[in-house]
Amino acid sequence: MQLVDRDTVRELAESPDPDAALVFTHGGCVVVHVGEDAVPDAGVLIVRRHEIEHEVAGGAVPEERLDAVVHRLDNMARDIGA
C-alpha cells in the first residue's frame, strides 16, 4: 500500500501556504499547515513544501520527475515509521 501518491505531492507543491507540509496522521499522508515546530494531531512530519520546491516547481512537472518524488517521499514515510 502506497502512503504517498501523485495527487498529494501535487497538492503540496501547488500549495500557496509557505508553511505547508506532508504529514502522516490518522493512517494517511495529508498536506497541512505546520508552524515552525508544530505538527498537528501528533502526526509525523515527512517533508516541508520548501524542501521539494526545486524538484516540482515551474508549472508542468514531467511525470517521471513527479513519480521519482512520490517514490522518494513514500520511502521516507515508511523509513520514519509512518
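Consider only pairs whose beta carbons are under 8 Å apart and that are at least six residues apart or on different chains; among these, list those whose first residue lies in region 1-28 and is within 13 Å of Ile52 (Cα to Cα) and without any contact (Cβ under 8 Å) to a residue 60 or more places away in the chain and whose second residue is part of a loop (DSSP other than H, G, I, E, B) and open to solvent by 40 Å² or more (accessible area, probe 1.4 Å).
Ala13/Ala57; Ala21/Val39
If you scan region 17-29, which residues turn out to be under 16 Å from Arg78 (Cβ atoms) and either surrounded by fewer than 19 Cβ atoms within 10 Å (Cβ to Cβ) or of a type in the set (Ser, Thr, Tyr) (or both)?
Thr25, Gly27, Gly28
The values are calculated or read from the model by the stated rules, or taken from the named source; none is laboratory data. Predicted model, so just to flag it, every value in this text is computed and none were measured. So basically every Cβ, Gly included, is an ideal-geometry build from the backbone, and we count neighbours across all protein chains shown. When the accessible area is computed, the model is the full protein with side chains, heavy atoms only, and any ligands, DNA or RNA have been set aside. Shrake-Rupley method; radii C 1.70, N 1.55, O 1.52, S 1.80 Å.
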